[in-house]
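> Quick one: the structure is below, and I'll ask about it shortly.
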Amino acid sequence: MARIEDLTLSHLRVEMDADGIATVTLDRAEKRNALNAATVEDLIAVFSTLPRAGARAAVLRGDGTHFCAGLDLVEHLHEDRRPEDFMHICLRWHEAFNKMEYGGVPIIAALKGAVVGGGLELASAAHIRVADPTTYFALPEGQRGLFTGGGATIRVTDLVGKARMIDMMLTGRVYQGEEAVSVGLAQYLVDHSEAKAYDIARTAAANPPLSNFAICSAVSHMQNMSALDAAYAESVVAGIVNTQPASRDRLRAFADKSAARVRPAAG
Ligand code: 1HE
């Protein structure tokens with residue numbers, strides 16, 4: 001079993017409670033949690049380790065008043081990178097975000113303030129996004145003379161659709177509040193995004209880990225396949241997940257009427 005205690009991190013903090021709920025904190029508030037190369041290496045290390053360290057769910061948060069200001073523009077300026085240097089930087093971002101999206105552990109992003117550029121790419125690699133009234137989303141790449149490089153063309157486009165994605169990139173349009181939810185950038189808008197993120201993490205963590213592993217990896221993999229192959233892969237995953245011992249207990253509880261029924265929330 002991997003251990004989060006063995007990680008050496010520069011700009012992230014990670015802790016896990018007795019129930020396996022991990023908290024991953026971007027720890028660079030003085031730079032608005034901008035993603036420099038070292039932070040991306042930390043993300044790779046943490047999200048490679050959590051699935052093997054017994055994490056049942058993770059809350060991703062930022063220190064300070066902003067979730068993440070995206071690419072570290074000052075480092076990028078000073079490094080004066082060549083095209084191939086930046087392509088390799090992007091590959092490290094992809095490595096980090098793929099570990100998140102395909103790692104099998106539910107990741108809930110607790111958002112606030114700026115979720116911009118690469119910060120939105122990071123948030124879009126989580127499985128669920130929770131916004132608060134201070135949260136705003138934008139892709140200022142066009143204004144900075146840049147282009148997205150951390151997977152936004154795929155993940156943000158999946159969330160909002162191609163036309164909105166191109167509008168965001170061309171105009172730097174900012175989304176917040178209910179509008180951000182209605183276009184798909186966040187699934188929840190609440191007064192306290194962290195408290196809600198932990199509620200969601202605890203709810204998800206109550207599912208059998210094998211079910212969550214499938215939900216938090218297979219859905220994404222299947223999106224990359226033809227419909228025919230995805231349907232086949234779904235049957236294989238369901239064959240494994242739906243015959244697990246943990247599901248038998250739950251099916252028995254339904255059959256003997258001790259399990260909760262599915263009902264809309266009261267009120
Ligand atoms: C940074 C960064 C950064 C802040 N890189 N250092 N992202 C952007 O275009 C967003 C750039 N940032 C901002 O628009 C603002 O900083 C914020 C709206 C996020 C926050 O504003 P504010 O007034 O709270 O803070 P600030 O005074 O602008 O910044 C505080 C410090 O954080 C300051 O450093 P200091 O040493 O002068 O104190 C800033 O330089 C630093 N800082 N944001 C570096 N992004 C894989 S490709 C992805 C491409 C992109 O992500 S493009 C989008 C980049």
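> How many nm is it between the label spots at Thr8 and Asp85, if each spot is 7 Å from the Cα in line with the beta carbon?
2.4
> Now, a different point. I'd like the Karplus ³J(HN,Hα) series for region 167-183: coefficients 6.51, -1.76, 1.60, θ = phi - 60°, whole numbers in Hz, and an x wherever there's a Gly or Pro.
Each residue's phi maps through the Karplus curve to give 4, 4, 6, 6, 10, x, 3, 9, 10, 8, x, 4, 5, 4, 5, 5, 8 Hz.
> Right, next: Counting DSSP beta bridges in the chain, what percent are antiparallel, to the nearest 5?
The answer is about 25 percent antiparallel.
> OK, next. Arranged from highest to lowest average of other beta-carbon atoms within 10 Å per residue, in what order do the peptides 85-92, 114-121 appear?
Packing proxy ranking, top to bottom: 114-121, 85-92.
> Which value, in Å³ per residue, describes the convex hull spanned by the Cα atoms of the chain?
154
> With every protein chain present, what accessible area does Tyr188 have (1.4 Å probe, heavy atoms only), rounded to the nearest 10 Å²?
It works out to around 80 Å².
> With a 1.4 Å probe and every protein chain kept in, tell me what percent of the accessible surface of region 4-205 is carbon plus sulfur.
Answer for region 4-205: carbon and sulfur cover 52 percent of the accessible area.
> A further question on this structure: Roughly how many nanometres apart are two label points built 7 Å out from the Cα toward the Cβ at Thr153 and Asn242?
Taking the simple label geometry, Thr153 and Asn242 are separated by 3.7 nm.
> Expressed as a fraction of 2.2 N^0.38 Å, the rule-of-thumb size for a compact globular protein of N residues, what is the C-alpha radius of gyration of region 193-252?
Compared with the compact-globule rule of thumb, region 193-252 sits at 1.34.
> What is the gain in length, in nm to one decimal, between Asp17 and Arg252 on full extension, counting 0.36 nm per residue of separation less the C-alpha to C-alpha distance?
This chain segment gains 81.6 nm when fully extended.
> Moving on to the next point. Any chance you could run the full-extension gain for Gln187 through Arg263? It's 0.36 nm times the residue separation minus the Cα-Cα distance, nm to one decimal.
25.4 nm
> Based on a Kirkwood Rh over C-alpha pairs, give the Stokes-Einstein translational diffusion coefficient of region 1-103 at 20 °C and viscosity 1.002 mPa s in µm²/s.
It diffuses with D of about 150 µm²/s by this estimate.
> By a straight-distance test (C-alpha under 27 Å), which lysines pair with Lys196 as possible cross-link partners, with residues fewer than eight away in the same chain excluded?
Lys31, Lys99, Lys112
> Something else about it: Mind listing P(r) for region 45-89? All alpha-carbon pairs, 10 Å bins, whole percents.
19, 30, 35, 16, 0
> Got a sec? What order do Met222, Met168, Met1 fall in by accessible area at 1.4 Å, biggest, i.e. largest, first?
Met1, Met222, Met168
> Which one, Ser247, Ser124, Ser226, has the greatest fluctuation when you compute a Gaussian network model over the chain with C-alpha springs under 10 angstrom?
Ser226
> Can you tell me the accessible area per residue over the chain, all protein chains present, probe 1.4 angstrom, in square angstrom?
52
> Excluding Ala109 itself, calculate the net charge of residues whose Cβ lies under 13 Å from the Cβ of Ala109, where each Lys or Arg counts +1 and each Asp or Glu counts -1.
+1
> While we're here: List the residues whose amide H sits under 5 Å from the amide H of Leu71, counting only those 5 or more places along or on another chain, with H placed 1.01 Å from N in the peptide plane.
Under 5 Å from the amide H of Leu71 lie the amide H atoms of Leu35, Gly118, Gly119, each far enough along the sequence or on another chain.
> Return the whole-Å distance between the Cα centroid of region 75-94 and the Cα centroid of region 111-146.
Cα centroid of region 75-94 versus Cα centroid of region 111-146: 20 Å apart.
> Taking square-rooted eigenvalues a ≥ b ≥ c of the alpha carbon gyration tensor, is region 111-267 rounded, prolate or oblate, where a/c under 1.5 means rounded and, failing that, a/b exceeding b/c means prolate?
Oblate, since a/c reaches 1.5 and b/c is not below a/b.
> Which order, highest average first, do 7-19, 37-49, 203-215 follow once you tally other Cβ atoms within 10 Å for each residue and take the mean per peptide?
By packing density, highest mean first, the sequence is 37-49, 203-215, 7-19.
> For the chain, what is the calculated [θ] at 222 nm in deg cm²/dmol (nearest 500), taking -39500 (n - 2.57) for each run of four or more DSSP H residues and dividing by its residue count?
Calculated mean residue ellipticity at 222 nm is -13500 deg cm²/dmol.
The values are calculated or read from the model by the stated rules, or taken from the named source; none is laboratory data. Since this is a predicted model, take the numbers as computed values, not measurements. Because the Cβ atoms are built from the backbone with ideal geometry, glycine has one as well, and the counts that use them run over all protein chains shown. In case anyone asks, the SASA skips ligands and DNA or RNA and just uses the protein heavy atoms, side chains included. Shrake-Rupley method; radii C 1.70, N 1.55, O 1.52, S 1.80 Å.
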